[in-house]
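Visitor: First the structure, then my questions, so here it is.
What follows is calculated from the coordinates using simple rules that are stated; it is not laboratory data. Note that the structure is a prediction, hence the values are computed from the model and not measured. Neighbour counts run over all protein chains shown; Cβ positions are idealised from the backbone, glycine included.
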Amino acid sequence: MSLPKVAYFSMEMAIDQTLSTYAGGLGFLAGSHMQSAGHLGVPMVGVTIFWSYGYYDQRISSEGTVEIAYVRKHYDFLTDTGIVTNVKIFGRDVKVKAFKLEPETFGTCPIFLLTTDIPENSPEDRTITHKLYDSNESTRIAQEVVLGVGGVRVLRAAGFNFDLIHMNEGHALPAAFELLREFNGDMNKVREKTVFTTHTPVSAGNEVHWVDTLQQGGFFAGVAREKAVELGGENFSLTVAALKMSRIANAVSQLHGLVANKMWKNVEGRCPIIAITNAVNLNFWQDMRIRKAEQSPNYEDLISVKRTMKQELFKYVAGKTGKLFKPDVLTITWARRFADYKRAWLILMERDRIAKLLKEGKVQLIFAGKFHPADTLGRDMFNNILKQSYELPNVVVLPNYELDLSSMLKKGTDVWLNTPLRPFEASGTSGMSANMNGAIHLSIFDGWAVEGTFHGINGYTVKYPGLDDDISWEERHWKDYECLMNIMDNNILPTYYEDKQKWAQLMRQAIRTAEAYFHSDRMVIEYYNRLYQPIAHGSIDDEEPKDIITAEQPNLHAWEYSNIK
């Protein structure tokens, strides 16, 4: 039996620094998926948006606060396919043009990039594909219609006869409605051709719009309002509808599988949700020097290579901030999206305590990350930490966290810090690529860390009795903070400064763990075997897979999460 032809739809994809078609972790994950699909030679194409201005450029103003800027991007390496298709959006006929990223450019599978920013469209319609995750609701809906409905029509015009569509999050849901239109309302045929990945238990990541607004926007591709309400409700949930319109869905870590099944257990007619843990592309993220040093019997080789990579990072830090970091000082990095539940501020909660370590020269802290332009809380969080970096020694905030900076940080960091409010981090992937470069993961016991960070062996996890007790968030913050700092004082600092051989062993095991399981080649193979053409079942329409995680039948570590609400 030949492998099914898969069309992978994602609103963002982080393929290369030169192609600004991503915002954060979802894009990083999709980019690794595309890279491994190309490397493995599987029959897959990607479908995403050609964002004229990317997400945004992040800068530090002359007043010492963060500012955002939009700069039009110009690319000369995309192929003009000549394909232009029409899509009805808010009653207007909008033309969607397709460019193509050829596989040989960055080593991916073929990727179609869609744009409305062409002279044939009105000025209003040209702006649809200007900015990723536009905060205007009508524009956001229009973007999803372009991705889903426009994407299916482009694939038809390109002659790619897909066997199924993989919707990476609910943004691509209009693709399923376009199939429903094509199949004259036959939902069984739609489900045969649709699978879905849900990425987060956070409410903001599970989009909801009033059904009439979506219908006016063309989101349902002409499907009747009554049918749309049946699938997603009047206050229409993209995630609920995606679960009803798909043959099978997946969460992105084993713990997230448990959480997702609890979240959506009351959705009648939903498909099974299995767990396939995220991964990142080893060949893209890992520095060859660290790979070679890991194989050396001499532990000092690992320490030496890491020191060199720290010096390279610190040269960049000095150029951006004027602060001179030292390569022999323990360097901790927090770098990810500035969202409230990710708690960038956690390590700074008791300022005097961390200030003492900073002033004694025992620790250096780096922060980096973007917030959504409309997220005032995220912006305030960024500015608050930026202000503290001016007041404290050995603390910097680096703007414009994108692929190149991410890579540099993961290579030049000793400890990769992950501090989400459990259980809201569905997976997270940044610590995986950090591990690949010998950075030790220090993480809240959440997301992929439950599976891949083994305390005292390849990293450290924030875990204590009563981890899931029903307590206030403020109390949870303090408990997490105290455990975090105790690990710092009793494990990380003594090992780093007093036992380099043991530290090198932690590094080596972190690298080996990441190489063994958190390489996206494994992930893509698992998607083919368990989501695209499940090898354990002749059909999965009538019964849930045996390895599904449920509250009644827990899987990896699930016994510890029985109190998760």
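Visitor: Roughly how many debye, to the nearest 20, is the charge dipole of segment 326-403 about its Cα centre, given +1 on each Lys and Arg Cβ, -1 on each Asp and Glu Cβ, and no other charges?
Guide: Taking the Cα centre of segment 326-403 as origin, the dipole is about 100 debye.
Visitor: Right, something else. Based on the Cα coordinates of segment 6-275, what is the per residue volume of their convex hull in Å³?
Guide: Considering the Cα atoms of segment 6-275, their hull volume per residue is 138 Å³.
Visitor: How big is the charge dipole of the chain about its Cα centre, in debye rounded to the nearest 20, if each Lys and Arg gets +1 on its Cβ and each Asp and Glu gets -1 on its Cβ?
Guide: Result for the chain is approximately 1060 debye, rounded to the nearest 20.
Visitor: How high is the relative contact order of the chain, in percent, counting Cα pairs under 8 Å that sit 6 or more residues apart?
Guide: Reported as a whole number, the value is 15 percent.
Visitor: May I ask for the angle, rounded to the nearest 10°, between helix 473-487 and the longest principal axis of the chain, with both axes built from Cα atoms and the value confined to 0 to 90°?
Guide: Once rounded, the angle reads 50 degrees.
Visitor: Okay, next question. Take the alpha-carbon centre of segment 139-165, take the same for segment 370-433, and report the distance between them in whole Å.
Guide: 33 Å
Visitor: While we're on this one: How high is the relative contact order of segment 375-444, in percent, with contacts defined as C-alpha pairs under 8 Å that are six or more residues apart?
Guide: 29 percent
Visitor: Here's something else I'd like to know. Using only DSSP helix segments of four residues or longer, with each worth -39500 (n - 2.57), what per-residue ellipticity at 222 nm results for the chain after dividing by its residue count and rounding to 500?
Guide: About -11000 deg cm²/dmol.
Visitor: So, one more: When the Kirkwood radius is taken over all Cα pairs of segment 189-284, what Stokes-Einstein diffusion coefficient follows at 20 °C and 1.002 mPa s, in µm²/s?
Guide: The Stokes-Einstein estimate is 150 µm²/s.
Visitor: Taking the chain as the reference, fit the longest principal axis to its C-alpha atoms, fit the long axis of helix 500-517 to the helix C-alpha atoms, and give the angle between the two in degrees, 0 to 90, nearest 10.
Guide: Here the helix axis deviates by roughly 10 degrees.
Visitor: What's the FRET efficiency of R522 with V84 using the Cβ-Cβ distance as r and R₀ = 41 Å, to the nearest 0.05?
Guide: 0.60
Visitor: Sorted from fewest to most neighbouring beta carbons within 10 Å, what does the list S246, S122, S20 look like?
Guide: So the residues, fewest neighbours to most, are S122, S20, S246.
Visitor: What is the gain in length, in nm to one decimal, between I471 and K315 on full extension, counting 0.36 nm per residue of separation less the C-alpha to C-alpha distance?
Guide: Net length gain for the segment: 51.8 nm.
Visitor: Also, I was wondering about something else. So what is the orientation-averaged projected area of segment 283-517, using the convex hull of its C-alpha atoms, in nm²?
Guide: Average of the hull's projected areas for segment 283-517 equals 12.1 nm².
Visitor: Please arrange W51, W334 by counting, for each residue, the other beta carbons lying within 10 Å of its beta carbon, fewest first.
Guide: W51, W334
Visitor: What FRET efficiency, computed as 1/(1 + (r/R0)^6) with R0 = 56 Å and r the Cβ-Cβ distance, is obtained for E137 and L3, rounded to the nearest 0.05?
Guide: Efficiency at R0 = 56 Å is approximately 0.90.
Visitor: What is the Cα radius of gyration of the chain over 2.2 N^0.38 Å, N being its residue count?
Guide: So the chain has a normalised radius of gyration of 0.95.
Visitor: Antiparallel DSSP bridges in the chain: what percent, to the nearest 5?
Guide: Just about 30 percent of them are antiparallel.
Visitor: When a footprinting reagent is the concern and you count Cβ atoms within 10 Å, what order do S304, S203 take, fewest first?
Guide: S203, S304
Visitor: Assigning unit charges at the beta carbon (Lys, Arg +1; Asp, Glu -1) and nothing else, what dipole magnitude in debye, to the nearest 20, does segment 283-517 show about its Cα centre?
Guide: 860 debye
Visitor: Where the centre of each part is set by its Cα atoms, how far does segment 439-499 sit from segment 289-325, in angstrom?
Guide: Using only Cα atoms, the two centres lie 24 Å from each other.
Visitor: Percentage of Cα-Cα pair distances in segment 190-236 greater than 14 Å, rounded to whole percent?
Guide: 58 percent
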